[in-house]
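The values are calculated or read from the model by the stated rules, or taken from the named source; none is laboratory data. A quick note: this is a predicted structure, and the numbers were derived from the prediction, not measured. Here the Cβ is made from the backbone with ideal geometry for all residues, glycine too, and neighbour counts use every protein chain on show.
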């Protein structure tokens, strides 16, 4: 009996099915499976990286806080105003402060500003619209970096949107009679130890021949400046 066209097509399809009884999934199905596998592997790697990264980030955060200690303190200005100052230091054990950042706000500054120098902080003052910040070096390297200041102190005034260096004696005398910013770390010394946490900083570092007096005495400062400059074969040179 002759088969019609429709029966022939069905027989052909059945023959093909019999010839490939173990045929697998289509290319489209394989593609979707591979994509899911890639997503799974990527998520697994991200999770493993996160597990590794979190302790590293925590350690970095702890190290940063240790290397760059920061705190806030209240500073009484000579004109009677009290301001909050945030201190941050680049501090190295066995060396001391390498750099200081003082962040504070005053109307004369137009808001909050930051003074940053490789010095120990000493004074903040304001008068007749002028704002001054004074620091002091410690050790031959810092004295040399500031050209061996004649009175130890290095003064700055807020001008044209930044703190610019000026001669120390250019600060009005009534504003530079006494230090009002703690040069020490919160523990009271040039170390992380809690030596004198209450009150002012210690008045001498180690066996230094020069005490760190809170009161400004120009003659004593000149002698200290000459000593540090002489260690480097220089004479005090900058104001």
For the stretch 160-168, state whether one or more residues are in a loop (DSSP other than H, G, I, E, B), touching a strand residue (DSSP E or B) at 6+ places or on another chain (Cβ under 9 Å) and surrounded by 22 or more Cβ atoms within 10 Å (Cβ to Cβ). no
Condition test on residue 108, is it without any contact (Cβ under 8 Å) to a residue 40 or more places away in the chain and surrounded by fewer than 16 Cβ atoms within 10 Å (Cβ to Cβ)? no
Residue match in the stretch 143-151 (condition: touching a strand residue (DSSP E or B) at 6+ places or on another chain (Cβ under 6 Å), at pLDDT 95 or above and on the phi > 0 side of the Ramachandran plot): yes
Counting only residues that are in a strand (DSSP E or B) and either touching a residue at least 60 places away in the same chain (Cβ under 8 Å) or surrounded by fewer than 22 Cβ atoms within 10 Å (Cβ to Cβ) (or both), how many does the stretch 126-153 have? 5
Just need a number here: residues in the stretch 179-235 that are outside any helix (DSSP H, G or I) and either under 28 Å from the mean Cα position of the chain (by Cα) or without any contact (Cβ under 8 Å) to a residue 40 or more places away in the chain (or both). 39
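Rundown of residues vs (1) at pLDDT 75 or above; (2) loosely packed, with under 10 Cβ neighbours inside 10 Å; (3) out of contact with any strand residue (DSSP E or B) (no Cβ under 8 Å at 6 or more places or on another chain); (4) part of a helix (DSSP H, G or I), yes/no style:
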| site | (1), (2), (3), (4) |
| --- | --- |
| 42 | no, no, yes, yes |
| 60 | no, no, yes, yes |
| 66 | yes, no, yes, yes |
| 94 | yes, yes, yes, no |
| 99 | yes, no, no, no |
Checking the conditions here, which among 84, 103, 114 is buried (at least 16 other Cβ atoms within 10 Å of the Cβ) and either touching a strand residue (DSSP E or B) at 6+ places or on another chain (Cβ under 8 Å) or part of a loop (DSSP other than H, G, I, E, B) (or both)? 103
